[in-house]
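Written out below as structure tokens is the structure these notes cover.
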Amino acid sequence: MIKVGIIGSTGYAGGELVRILMNHKEVEIKWFGSRSYVDQKYYDVYRNFFEIVDDKCLDDNITELVEQVDVVFTATPQGYLAGILTEEHLQKAKFVDLSADYRIKDVATYEKWYGIEHKSPQFIEEAVYGLCEINREDVKGARLVANPGCYTTCSILTCYPLVKEGLIDVDTLIIDAKSGTSGAGRGAKLPNLYCEVNENIKAYGVASHRHTPEIEEQLGYAGNCQVMLNFTPHLVPMNRGILATAYAKLKVQADGSLPTEQMLRDAYNKYFAEEKFVRVLDKGICPETKWVEGSNYVDVNFVLDERTGRVIMMGAIDNLVKGAAGQAVQNMNLMFGFAEDEGLNLIPMFP
């Protein structure tokens, strides 16, 4: 049994962490950190925890709180953990950070896209990018894990096999993604009001969304090349879910031919056939957000368009589970030697 603390426990991702960890047989949640709800009962913030969680929310005094736990989850805005993390903290507990503070290895790139100064760049090199299906062995030995973003998790896993195998021209890669409103967080914002979102769909962060360099960096590692792509997110009127649709030209192979459909499917099966949480769908079945909602699954598939010489890659996740809290728990399981799926055997909810 390990002891866990959650800073940012009253945000959407934090609430999902609590929901998942309450059913984890190896975990005791020691404290619930929340700067906004100090001394309030946790169930008064989320009434679904009434008679389940009786604790009060604590402040975010990490130096004091870290003494009580084995691992700290920080479901906090960008810049929070980077602004407070010290070597002393890391010697006392492991950290899984759900923000972008340690995802991007180049400090200048982080500061450019996020518009803030990085306060602890000395930990960036050590931090492991926690996309479990790709960096599993590195995560096992980590004391600081950078939990990937929701858009990035869906986009990278959707494209990874074909990039890794050199079957697509990455210079032609375009990713179009759509997210439910919980991805914007729980804070009150005018663009996220019901009347603003309902019966509407809109693009945002066009050519400037801050998950772009994260996707480029990780796919660059996969393809052993520099990747520059177009990533366009959209907001859709649903609570949860991300659907990523990616387009790329097929790459001419050494013999002058283009990859066949079987070659593409073999690539997906090569990397994902043994993965518990990545489901490669049957031919002709497109991923849908409703079939992964409430779960840690990623559904992926592709369609080969022989007419244009392109492939359309598709992926769907629940942005709060595999895109945030579920993946964070998956990382924790690896870090402490638990079964990777412990606490995460969540059958997708429907309807």
> Within region 228-236, can one find any residue that is surrounded by 13 or more Cβ atoms within 10 Å (Cβ to Cβ), touching a Lys or Arg at 6+ places or on another chain (Cβ under 9 Å) and not in a strand (DSSP E or B)?
Replying inline: yes
>> Condition (residue is touching a strand residue (DSSP E or B) at 6+ places or on another chain (Cβ under 8 Å), among the small types (G, A, S) and surrounded by fewer than 22 Cβ atoms within 10 Å (Cβ to Cβ)) applied to region 303-319: is it met by at least one residue?
In response: yes
> What number of residues in region 39-63 are assigned to a loop (DSSP other than H, G, I, E, B) and either at pLDDT 95 or above or over 17 Å from G5 (Cα atoms) (or both)?
Replying inline: 9
> Which residue out of V66, V72 is in a helix (DSSP H, G or I) and in contact (Cβ under 8 Å) with a residue 60 or more places away in the chain?
Replying inline: V66
>> Quick test of your reading of the structure: D54 fulfils all but one of (1) surrounded by 17 or more Cβ atoms within 10 Å (Cβ to Cβ); (2) out of contact with any Gly (no Cβ under 6 Å at 6 or more places or on another chain). Name the failing condition by number.
In response: (1)
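Can you name the residue in region 258-278 that is in contact (Cβ under 8 Å) with a residue 60 or more places away in the chain and assigned to a loop (DSSP other than H, G, I, E, B) and is also farthest from E342 (Cα to Cα) among such residues?
Step one: list which residues in region 258-278 are in contact (Cβ under 8 Å) with a residue 60 or more places away in the chain, which gives 259, 263-264, 267-268, 270-272, 275-278.
The next check asks that each one be assigned to a loop (DSSP other than H, G, I, E, B); those that pass are 259, 275-277.
Values: P259: 38, E275: 14, K276: 12, F277: 12 Å.
My answer is P259.
Taking the condition in contact with a Pro (Cβ under 9 Å, 6 or more places away or on another chain) and not β-branched (V, I, T), does W31 pass? Before the answer, list the steps.
Values: in contact with a Pro (Cβ under 9 Å, 6 or more places away or on another chain): no; not β-branched (V, I, T): yes.
So W31 fails the test.
Considering V329, V303, V280, which residue is over 18 Å from V170 (Cα atoms) and assigned by TED's automatic domain parsing to the domain that holds L173?
Values: V329 fails: assigned by TED's automatic domain parsing to the domain that holds L173; V303 fails: over 18 Å from V170 (Cα atoms).
V280 is the lone residue from the list that is over 18 Å from V170 (Cα atoms) and assigned by TED's automatic domain parsing to the domain that holds L173.
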> Within the group A254, A188, which residue is of a type outside the set (D, E), assigned to a loop (DSSP other than H, G, I, E, B), more than 24 Å from R310 (Cβ to Cβ) and free of Cβ contacts under 8 Å to residues at least 12 places away in the same chain?
Replying inline: A188
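State all residues of region 83-134 that are among the acidic types (D, E), part of a helix (DSSP H, G or I) and under 22 Å from the mean Cα position of the chain (by Cα); if no residue qualifies, say none. Give the steps one after another, and end with the answer.
Residues of region 83-134 that are among the acidic types (D, E), as a first pass: 87-88, 97, 101, 106, 111, 117, 125-126, 133.
Narrowing the set further to residues that are part of a helix (DSSP H, G or I) leaves 87-88, 111, 133.
Correct list: E111, E133.
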> Can you tell which of V66, V96, V45, V53 is within 16 Å of N147 (Cβ to Cβ) and β-branched (V, I, T)?
Replying inline: V96
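The values are calculated or read from the model by the stated rules, or taken from the named source; none is laboratory data. Note that the coordinates shown come from a computational prediction; the quantities given were computed from them, not determined experimentally. No Cβ is skipped: glycine too gets one built from the backbone with ideal geometry, and neighbour counts run over all protein chains shown.
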